[in-house]
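Coordinate-derived values only; no laboratory data. Please read all numbers here as calculations on a predicted model, not as lab measurements. Here the Cβ positions follow ideal geometry from the backbone for every residue, glycine too, while neighbour counts run over all protein chains shown.
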């Protein structure tokens with residue numbers, strides 16, 4: 001008995017090595033079913049893999065990869081119940097109608113699972129009367145599978161990653177098809193309508209911002225949303241549209257970071273083709289990256305906002321359109337105005353309501369709730385995972401250069417990498433593990449020594465030191481000095497520190 005047990009253990013160890021060395025599902029399940037066929041008798045062995053929608057797909061028959069389309073109500077049942085099932089009277093079993101038609105007399109089906117997630121079912125079938133399956137067979141198979149936790153976990157992670165990749169590829173193909181239909185840079189939802197997306201927050205700053213956005217939704221006023229990359233500016237734009245009287249009308253997004261001629265045609269149309277303004281009539285037009293809008297396009301847009309009338313490119317016939325404009329910018333438009341690269345009349349037309357979206361690092365209290373949200377979004381309750389306190393601490397200490405967008409990517413990656421139900425620091429990317437919030441540097445107080453200088457010289461010295469301390473950021477320097485950016489530019493020009501055209 002001891003020798004038999006030792007031999008079986010050796011065979012399982014050999015099988016574990018084989019399974020750990022492959023991610024080919026045909027080979028993996030073929031070798032696994034080959035070994036289990038030595039544990040229970042069978043005339044035919046089938047393996048069905050669980051797809052995203054819990055529908056079974058056959059991947060192996062009699063130890064070889066197979067893609068035959070064979071229906072199995074039993075496979076679907078075992079995947080859903082996560083429990084083994086056997087029957088020695090297939091012809092009278094309502095779950096086994098298709099098997100009975102194939103001449104199966106008795107069958108046992110076992111779920112292959114890791115941490116409650118079924119990745120496949122294995123079916124052992126007898127075609128002749130006389131052989132029956134029992135609970136001991138279930139126990140014997142389960143015992144072997146329990147010894148193969150590591151390779152099964154690896155296959156589960158691979159299949160999850162493959163499913164995610166396939167889903168992303170489908171999204172890319174759908175978006176490419178939409179772009180080919182609608183034209184580059186123009187984003188239209190089906191039937192010109194969109195649905196509001198949930199914005200998760202517990203921070204006071206973000207809650208106040210959303211309250212202001214809801215007020216903006218009750219008016220036809222144009223809105224300017226400023227904030228760093230990835231802070232969720234476009235989601236706020238969607239919220240404003242969906243909570244307005246325009247919710248049933250079109251919602252169109254145009255990216256302003258493109259060639260001038262292409263952009264003008266996308267916004268205003270050309271010849272017989274309608275542009276975004278006409279398509280958004282009665283609805284909302286979002287101008288993404290408004291800070292990159294070229295000067296000529298700025299003039300045309302400012303004219304439309306002033307008069308409510310526009311003209312298509314290569315046309316002389318004006319048209320009217322009632323459109324709510326929501327502009328988003330990654331940079332401060334005030335600084336662009338001071339630099340002379342953005343029209344002040346366009347700024348004030350867009351800036352009826354101004355929303356400044358805070359960076360994620362300035363609302364640390366949102367990191368935990370957002371991390372859990374992105375980790376489990378769209379997951380069934382039994383598939384949801386948790387985050388260890390050590391990992392949460394690291395997430396809170398990271399600076400999040402790409403803000404909420406980066407956090408979502410990190411959590412989706414962590415879900416795939418975690419074999420268990422807990423996300424810890426080992427599942428976080430290297431840049432997050434190495435990232436730290438910059439510590440405040442204690443500056444030694446300088447000893448004041450008298451020196452002869454005029455007030456102008458003293459002012460120049462203070463301005464230059466402030467500019468140097470803030471790494472040349474003119475907007476922050478002007479704010480700290482209590483002057484406008486334009487005034488700062490004029491002073492730097494008088495000091496000979498910038499060219500006249502910059503001032």
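Here are some notes:
- Counting neighbouring beta carbons within 10 Å and listing from fewest to most, the residues 423, 117 come out as 117, 423.
- Residue-averaged [θ]222 nm for the chain, counting only DSSP H segments that reach four residues, each worth -39500 (n - 2.57): -14000 deg cm²/dmol
- Backbone N under 12 Å from the residue 365 label point (7 Å along Cα→Cβ), restricted to the stretch 200-225: 201-208
- Averaging 1/r over each pair of different alpha-carbon atoms in the stretch 261-348 and inverting the result gives 13.3 Å, the Kirkwood hydrodynamic radius.
- Exposure proxy ranking, count of Cβ atoms within 10 Å, fewest first, for 19, 145: 145, 19
- Radius, Kirkwood style, for the stretch 187-356 when every pair of distinct Cα atoms is counted (Å): 16.2 Å
- Alpha-carbon Rg/Rh ratio, for the chain, with Rh computed the Kirkwood way: 1.13
- The stretch 264-303 shape via C-alpha gyration tensor axes, a/c threshold 1.5: oblate
- Protection-proxy order for peptides 310-322, 150-162, 383-395, each taking the mean of Cβ atoms within 10 Å per residue, highest first: 150-162, 383-395, 310-322
- Using a Förster distance of 35 Å, the FRET efficiency for residue 309-residue 235 (Cβ separation, nearest 0.05): 0.65
- Between helix 149-182 and the chain: long-axis angle, C-alpha atoms, 0 to 90°, nearest 10: 50 degrees
- Nearest 10 degrees, 0 to 90: helix 204-217 Cα axis against the chain principal axis: 80 degrees
- Note: relative contact order over the stretch 360-434, using C-alpha pairs below 8 Å and six or more positions apart, is 38 percent.
- Relative contact order of the chain, taken over Cα pairs closer than 8 Å and 6 or more residues apart, is 11 percent.
- For the stretch 187-356, the relative contact order comes to 30 percent (Cα pairs under 8 Å, sequence separation of at least 6).
- Relative compactness, the stretch 379-440, computed as alpha-carbon Rg over 2.2 N^0.38 Å: 1.15
- Geometric descriptor of the stretch 2-159, per residue, is 106 Å³ (volume of the convex hull of the Cα atoms).
- Acute angle (nearest 10 degrees) that the helix 25-36 long axis makes with the longest principal axis of the chain, alpha-carbon atoms: 30 degrees
- Extension gain, residue 484 to residue 219: 0.36 nm times the residue separation minus the Cα-Cα distance gives 92.3 nm.
- Fewest-first sequence of 118, 223 by Cβ atoms within 10 Å of each Cβ: 118, 223
- Both radii come from the Cα set of the stretch 285-408: Rg as radius of gyration, Rh as Kirkwood radius; their ratio Rg/Rh reads 1.16.
- Debye equation applied to the C-alpha atoms of the stretch 286-336, log10 I(q)/I(0) at 0.13, 0.14, 0.19, 0.21 Å⁻¹: -0.36, -0.42, -0.73, -0.85
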